[in-house]
Amino acid sequence: MEIEKYNLKITKSQSEIIMLALDLYTRLSIGQFHNLKDISFEKNEKGINRKPSEETLKKLHSEMFPSLISYNSSYGIHSPKLPDKVKEGYDIYKVMMYEFNKHEGIMNVYSDKVRQTSNKPLPLFNKIIKAKKEVKMTKSKIVDIFEGEMIGVWKDEDEYFLSTPFATLNFDEEMWEALKRDLVKLSEL
């Protein structure tokens, strides 16, 4: 059975909101309830953000995770007790975090290649780079950009996309036609 796939164009800010939601979903699903203290939707009569009490969080934790020994304990992401949907959400979060941190030059948990935790394929998440019209797609330029590895090519409305291991490039129709001609020439070499 073929897996349905979707493309979603989002801004960096929207990506950050999705990552926050996936991080919270994963943490709550493994029993890390202390993160709920950081969320506040309403203010009390004094204008101060409402926060759940430690007692409320401990009670909720013990009711939802009776097999965990204390409020400060949680499952690891590789635990066989976790549903694969939680692991898949974590994989998506890690792929997104990797994309934002891979070129930071600092060693952190997000700058290393993603290790899959779910039984689903890792998603492809790339920054879209707008190609400039004045760029001539010569053989050497294509080799420099793609290093000989192309993943996919597709059209969405009036825009064309070429996905590589490094980025997703987005072209207008004129640029796309020039790229196709150069690709045909390259395939003949």
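The values are calculated or read from the model by the stated rules, or taken from the named source; none is laboratory data. These numbers come from a predicted model, not from an experiment. Cβ coordinates were reconstructed from backbone atoms using ideal geometry, including for glycine residues, and neighbour counts include every protein chain displayed.
Just one residue in the set S62, S67 is surrounded by fewer than 10 Cβ atoms within 10 Å (Cβ to Cβ), under 25 Å from Y90 (Cβ atoms) and without any contact (Cβ under 8 Å) to a residue 60 or more places away in the chain; that residue is S67.
In the range 28-48, the residues that are more than 28 Å from P66 (Cβ to Cβ) reach residues that are modelled with pLDDT under 85 with C-beta atoms within less than 7 angstrom, at least six apart or across chains, in these pairs: E42/R50; K43/N49; K43/R50; N44/R50. Taking the condition farther than 20 Å from D84 by Cα and surrounded by 11 or more Cβ atoms within 10 Å (Cβ to Cβ), does K12 pass? The answer is no for K12.
The single condition among (1) touching a helix residue (DSSP H, G or I) at 6+ places or on another chain (Cβ under 6 Å); (2) in the same structural domain as L22 (by TED's automatic domain parsing); (3) closer than 19 Å to L20 by Cα that L57 does not meet is (3). Do we have any residue at all in the range 130-140 that's crowded, with 17+ Cβ neighbours inside 10 Å, under 22 Å from N7 (Cα atoms) and at pLDDT 65 or above? The answer is no, given that none of the residues of the range 130-140 is crowded, with 17+ Cβ neighbours inside 10 Å, under 22 Å from N7 (Cα atoms) and at pLDDT 65 or above. Quick check on the range 80-105: of everything there that is farther than 22 Å from K5 by Cα and basic (K, R), which residue is nearest to the chain's Cα centre (by Cα)? By that ranking, first place goes to K102.
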